[in-house]
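This report refers to the structure that appears directly beneath it.
Laboratory data are not the source of any read-out in this text; all were calculated from the coordinates shown. As the structure is a prediction and not an experimental result, all values here were calculated from the model. Quick reminder, even Gly has a Cβ in these numbers, built from the backbone with ideal geometry, and neighbours come from all protein chains shown.
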Amino acid sequence: MATASASEESEHSIQKKIQLELSKHQCTVFRANVGKIHTPDGRFFSTGLPKGFPDLFGFRWTDGKIFFIEVKDAKGRPRADQVVFHKMLNSHNIVHG
């Protein structure tokens, strides 16, 4: 079993740090929990967020401006659906990264 080195931080850990820091700077931040679950009757239920939706989103208290943040670890690369979502946000001048 491979273990992560001290320099290899998980995306979840990075997300938590970002949320903490933004909350110190008059921002409210939410984690977009996505995925599918298997229901007792055998169906799958999806969370309903669009494909490519970023990991974190929130707003600045100062002006109410919404923002989106896609988090990657040192080895992470954006998926095609995340690139499409980024381009859509870009086309509407939405704060994101």
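So for the chain, taking the charge dipole from beta-carbon charges (+1 Lys/Arg, -1 Asp/Glu), which of Ile37, Gly76, Gly52 sits furthest toward the positive end?
After comparing all options, I get Gly52.
Under the Kirkwood approximation for Rh and a Cα-based Rg, what ratio Rg/Rh is obtained for segment 13-57? Let's see the in-between values first.
Numbers: Rg = 14.3 Å, Rh = 12.4 Å.
The Rg/Rh ratio comes out at 1.15.
Helix-only mean residue ellipticity at 222 nm, the chain, DSSP H runs n ≥ 4 weighted -39,500 (n - 2.57), per residue, nearest 500. What is it? Don't skip to the answer; put the middle values down first.
Values: 2 runs with 25 residues, N = 97.
Computed mean residue ellipticity for the chain: -8000 deg cm²/dmol.
Evaluated at 10 °C with a viscosity of 1.306 mPa s, what Stokes-Einstein diffusion coefficient in µm²/s does segment 11-96 have when Rh comes from the Kirkwood expression over alpha-carbon pairs?
Working: Rh = 14.3 Å.
The diffusion coefficient I find is 111 µm²/s.
Just to be sure I understand: with springs between alpha-carbon atoms less than 10 Å apart, which residue in Lys51, Lys65, Lys75 has the highest mean-square fluctuation in the Gaussian network model of the chain?
Maximum among the listed residues: Lys75.
Between Thr47, Thr28, Thr39, which gets the highest mean-square fluctuation from a Gaussian network model of the chain, Cα cutoff 10 Å?
For the chain, modelled as a Gaussian network with Cα springs under 10 Å, the answer is Thr39.
Output wanted: per-residue J couplings in Hz (rounded whole) for segment 75-87, from phi through Karplus 6.51 cos²θ - 1.76 cosθ + 1.60, θ = phi - 60°, x for Gly and Pro.
Along segment 75-87, the couplings run 9, x, 9, x, 7, 4, 5, 6, 5, 4, 4, 4, 5 Hz.
Could you give the size of the charge dipole of segment 11-96 about its Cα centre, using +1 on the Cβ of each K and R and -1 on the Cβ of each D and E, expressed in debye and rounded to the nearest 20? Numbers along the way, then the final one.
Working: 14 positive and 8 negative charges, 26 e Å.
Dipole size: approximately 120 debye.
Highest GNM mean-square fluctuation, the chain, Cα pairs closer than 10 Å: which of Asp41, Asp55, Asp81?
Asp41
How large is ³J(HN,Hα) for each residue in segment 43-50, as worked out from phi by the Karplus curve 6.51 cos²θ - 1.76 cosθ + 1.60 (θ = phi - 60°), to whole Hz, x for Gly and Pro?
With coefficients 6.51, -1.76 and 1.60, one gets 8, 9, 10, 9, 5, x, 6, x Hz.
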